[in-house]
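First the structure, in the form of structure tokens, and then the observations on it.
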There are 2 protein chains.
Amino acid sequence: MKAADQKLPITTNEDDFSRRSKILAAAADVFAQQGFDGTSFGAVAKAADVKKSLVQYHFKNKDNLWQESIHWVWKQRDQALPKYLQKSHLNEDNDNSQMVRELCKQILQFTFDHPQWIKLMFQEASTPGPRLDWMVATFFKKDFSDGKAVIELAQQQNLLPKVNAMDLLHILSGALIYLVNVAPISERVLGENPNNEQYIDRHINTLMCLLQGAPQNSR
Amino acid sequence: MKAADQKLPITTNEDDFSRRSKILAAAADVFAQQGFDGTSFGAVAKAADVKKSLVQYHFKNKDNLWQESIHWVWKQRDQALPKYLQKSHLNEDNDNSQMVRELCKQILQFTFDHPQWIKLMFQEASTPGPRLDWMVATFFKKDFSDGKAVIELAQQQNLLPKVNAMDLLHILSGALIYLVNVAPISERVLGENPNNEQYIDRHINTLMCLLQGAPQNSR
DNA sequence: CAGCAGACTATACGATCGTATCTTTTTATG
DNA sequence: CATAAAAAGATACGATCGTATAGTCTGCTG
């Protein structure tokens, strides 16, 4: 029996079209929208258009379903993010100022397009517990380290001011992600959904004015 | 019967020591920490050290308890905030730069000391529904308007760069509030709770470097 | 064909949830 | 004191939740 003969698991891949993956995608949606406590097996099953018992067959309990959903969301995130970062490198690669602008804009657009991991992160951060501890060990330590590295790289290339990297990371993240987090409120208060190119361009432009020593006009 | 004779409701005031207020305070805690779905009448009763049936006696259903809790939290917020803003006016009132720094620092400290309204806000913003609509109509429209007014006032006094006021409000709010929101994560990743004066001073200092045309040093 | 493992389904159990109803205790006032 | 309202407590009901278990269907392999 040759080694190549052994049965291929067909599609044990992550994002195949099996019902298990369908459930994962649905569960990620429901968890992100309804929170952990607001999510039930029945709701996930209905969202995935499968029977409740099938959900429990693939995931032995609710915590397991949640963990697998988080893994799924982070994988989707890490697959999608590079595509956005590439865009910012394609356009006008010689102007440093424009490069930072494009980078921030793409990150903001990415966050609008992939809000799940942000919601899941803040859900757990607002109610610290075992699930947050797990996320910290599994994802956030690496995320923090990666984010800091990106900031420091940009600082070496004189793209960003050379202030404390972790503070700058949190300030920039806040300036961008906060907009996404309050978007549902802004939409209802201002009557305009911030997730459109005009709003994003203006917001990024304002942020750039602050970042690069402020021409202090361009209202 | 003189008009002054009619019975005073004794202490129908908001923050009296009646059991109703005790329940409100407990409910605000539990709602902010566990979310709407994660909060039960029994948990609130236990937190307030009263019987479950008493909670239901004072608040006819869960939505009513939640609304009253939100009102209570916002009232506490609006009573506390001015005290923080006063502090920033007492110290070194002649230097504009120092004034903005003190203002931001006090707002950040206020947010650390009163995280409930932030948590409740983002909880509902991440799962838009009837409760968010109610909050928008009851609080956020006014909050947005007040916040924008503060920014514009600071701009008129040349305390802040004259960029789009609403964008600046969201950028500054993000730079400050994001720090509080991710604080539980930062604490676990960095091993240091950001809610201390050193961390806050450094963070504010970094933010000031960006705001005022970046001396771009002071690491 | 026999058989077996994996995928899927049906059903049930105990716990808890939000709510409703009823009784008891406390308080205020004539 | 009498009494009525308010405050507080006891109990129960239907629904839903997470979980457990037993059964059915399908496709492969010996």
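Suppose every K and R has +1 on its Cβ and every D and E has -1 on its Cβ; what is the size of the dipole of the protein assembly as shown about the Cα centre, in Debye to the nearest 20?
Charge dipole of the protein assembly as shown: 1280 debye, to the nearest 20.
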Relative contact order (%) - chain B, alpha-carbon pairs under 8 angstrom, separation at least six: 16 percent
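When each pair of different Cα atoms in chain A is counted once in the 1/r mean, what is the Kirkwood radius in angstroms, to one decimal? Before the final figure, lay out each step's value.
On the way: mean 1/r = 0.0505 Å⁻¹.
Kirkwood radius, chain A: 19.8 Å.
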Where the centroid of each part is defined by its Cα atoms, how far is segment A:63-85 from segment A:170-206 in Å? 23 Å
I'd like the orientation of helix B:96-113 relative to chain B: the angle between its Cα long axis and the longest Cα principal axis, in ° from 0 to 90, rounded to 10. 30 degrees
Put +1 on the Cβ of each Lys and Arg and -1 on the Cβ of each Asp and Glu in the protein assembly as shown; which of A:69, B:43, B:127 then has its Cα farthest toward the positive end of the dipole? B:43
Between helix A:19-34 and chain A, what is the angle of the helix's C-alpha long axis to the longest principal axis, kept within 0 to 90° and rounded to the nearest 10? 50 degrees
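Ignore the peptide's own chain and count Cβ atoms of other chains within 10 Å of each Cβ in A:126-135; give me the average, rounded.
On the way: counts 13, 8, 6, 3, 0, 0, 3, 2, 0, 2.
Across A:126-135, the average partner-chain Cβ count within 10 Å equals 4.
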Net charge dipole size for chain B [Lys, Arg +1 and Asp, Glu -1 on Cβ; Debye, nearest 20]: 660 debye
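What whole-number volume per residue, in cubic angstrom, does the convex hull of the C-alpha atoms of segment B:32-140 give? Mind showing how you got there, number by number?
Working: hull volume 12.9 nm³, N = 109.
Considering the Cα atoms of segment B:32-140, their hull volume per residue is 118 Å³.
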Taking the label point as lying 7 angstrom from Cα along the Cα-to-Cβ axis, what are the distances from residue B:133 to the corresponding position in the remaining copies, in ascending order and in nanometres? 4.1
Need one number: the % of Cα-Cα pairs in segment B:118-190 sitting beyond the 16 Å mark. 61 percent
Per GNM of chain A with C-alpha springs under 10 angstrom, the most fluctuating residue out of A:106, A:157, A:33 is A:157
Let me spell out the model: positive unit charges on the Cβ of Lys and Arg, negative unit charges on the Cβ of Asp and Glu, origin at the Cα centre of segment B:16-60. What dipole size does that give, in debye rounded to 20? 220 debye
Quick one: longest stretch of chain B between exposed loop GluC sites (Glu not before Pro), exposed meaning at most 14 other C-beta atoms within 10 Å and loop per DSSP? B:93-191
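Just the ratio, please: alpha-carbon radius of gyration of the protein assembly as shown over 2.2 N^0.38 Å, N its number of residues. Could you put the intermediate results ahead of the total?
On the way: Rg = 24.2 Å, N = 438, 2.2 N^0.38 = 22.2 Å.
Normalised by 2.2 N^0.38 Å, the Cα Rg of the protein assembly as shown equals 1.09.
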Helix-only [θ] at 222 nm, the protein assembly as shown, -39500 (n - 2.57) per DSSP H run of 4+, per residue, nearest 500, equals -22000 deg cm²/dmol
In degrees, nearest ten, helix B:116-126 long axis to first principal axis of chain B (Cα): 90 degrees
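No value in this document is a laboratory result; all are computed from the given coordinates. Bear in mind that the values here come from a model prediction, so they are computed numbers and not experimental data. All Cβ positions, even for glycine, are placed from backbone atoms using ideal geometry, and neighbour counts span all protein chains on display.
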